[in-house]
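Note sheet for the following structure.
The values are calculated or read from the model by the stated rules, or taken from the named source; none is laboratory data. What you see is a predicted model, and the numbers here were worked out from it, not measured in a lab. In this analysis, Cβ positions are derived from the backbone assuming ideal geometry, glycine residues included, and neighbour counts consider all displayed protein chains. Quick note on the areas: whole protein, heavy atoms, side chains included, nothing else; ligands and nucleic acids left out. Shrake-Rupley method; radii C 1.70, N 1.55, O 1.52, S 1.80 Å.
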Amino acid sequence: MGNTIRGIIAFIPSNTCQKYLLGDLEEMPIDKMVDLSSMQLRRFPLRVCAFTELVKLYLSDNNLNNLPPELELLQNLQILALDFNNFKVLPLVVCSLKQLCILYLGNNHIRDLPQELCYLKNLHTLWIESNYLTHFPSFICELTLLKTLHIGCNQIRNIPMELKNLVELRSIWMSGNLLTEFPPVLLQMPFLDIIDVDRNGIRFFPSLMHLTGLKLVIYDHNPCQNAPKVAKGVRRVGRWSEESPEPKKRFEVEAELEKAAEDKDTQPAESNEPPAASSDIPQEATSALTIKDN
C-alpha cells in the first residue's frame, strides 16, 4: 500500500505532497549523502541542488526520465545512481559532473550514450547493463581511469580494439549480449582480473593462458565446444570447468582406438611350451604408465 500511495502522490506537484515523498531535506546531510531510492519520484527534487557539497546521490528505482540543468551545481558529486528508472537518453547535465567516480545507469531504456560522457575523466566504475545498446560506445575507451565496466544484457555484437587502451581496467562484464566470438581485444589485456561473457553466442574459446592477471572467467551458457584454457589458479565458471573435463574430440578418440589396435597386433602370440627354468630367464624391470588427464 505504501508504494501505491507514493505512486499517486508523485503526480501531485504541491509542496505538501512532495515533502511527504522526500521527507526532511531542508539541510545538508552531515554524511554528504542523499538517498531517494524507491520513492516513486517522477520529478527530480530541485532542493537537492542547493547541497553543493553533496558527494553521494542515490536516485535508484524511481520513475525519472529527465534531470534539471541545476544538477550541474553538484560539482563535488562522486557517486550518482540512476539505475532502475525510465531514462531513454542520458541527460547531458550528468556529463558536467567532473568529479564523478561511480555512475550507475543500469535497467533503463537507453539506446545510446552521448559522446560527452568522455568528459568524466575521473570515472572508475560504469554500469550500463540492461539497456538497449546495440553497439559499444567507443568513447568509453577514453575513460582512462576506468576499473570496472558492466555492459551486460544489451545487444552488443563487437568490442572495439581501442578497449586495450584502458590499462586500469580490471573487470569487464558482458553477459547477455550478442557476441559470436570471444572479443580479440581481450587477448591483449593481460591486466584484466575478471572476464564475464556468460550467455552469448560464442562457439570457440581461444587460450587465455597468457593473461597473467586473470583470476576469474565466466563463460557459461554459450554454444561452445571447448572451455577456455587458463593458467593455474584461475577460476572458470562454465561447462567442463573444474568440475568435469572437456569431452574428447573425435580425432582424439579415433587416434586412441588406432593405437590400441596397433598395440594388440604387435603383442607376441601365446606359447604352449612350458616355461623355462627361472634361473634361465633374466629378471625384467617394469615401469609404471602415467596417464595425463587433459
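A few points about this structure:
- Simple spin-label estimate for Lys232 and Ala50 gives 6.4 nm between the two label positions (7 Å along the Cα-to-Cβ direction from each Cα).
- Accessible area of His221 (1.4 Å probe, protein heavy atoms only, ligands and nucleic acids ignored): about 120 Å².
- Ranked order, Lys88, Lys229, Lys32 - accessible area, probe 1.4 Å, largest first: Lys88, Lys229, Lys32
- Total formal charge among the other residues, if their Cβ is under 13 angstrom from that of Arg203, Lys/Arg +1 and Asp/Glu -1: 0
- When restricted to Cα atoms, segment 114-181 yields an Rg and a Dmax of 11.2, 32 Å, respectively.
- Note on Cys153: accessible area approximately 50 square angstrom, rounded to 10, probe 1.4 Å, nucleic acids and ligands left out.
- Label zone at Ser37, where the point sits 7 Å out along the Cα-to-Cβ direction: segment 85-99 residues whose backbone N lies under 20 Å: 85-87
- Shown is the FRET efficiency for Leu187 and Gln75, computed with R0 = 41 Å from the Cβ-Cβ distance and rounded to the nearest 0.05: 0.55.
- Accessible surface of Glu181 - all protein chains present, 1.4 Å probe, nearest 10 Å²: 100 Å²
- Cβ-based net charge around Leu54, under 15 Å, with every Lys or Arg adding one and every Asp or Glu removing one: -3
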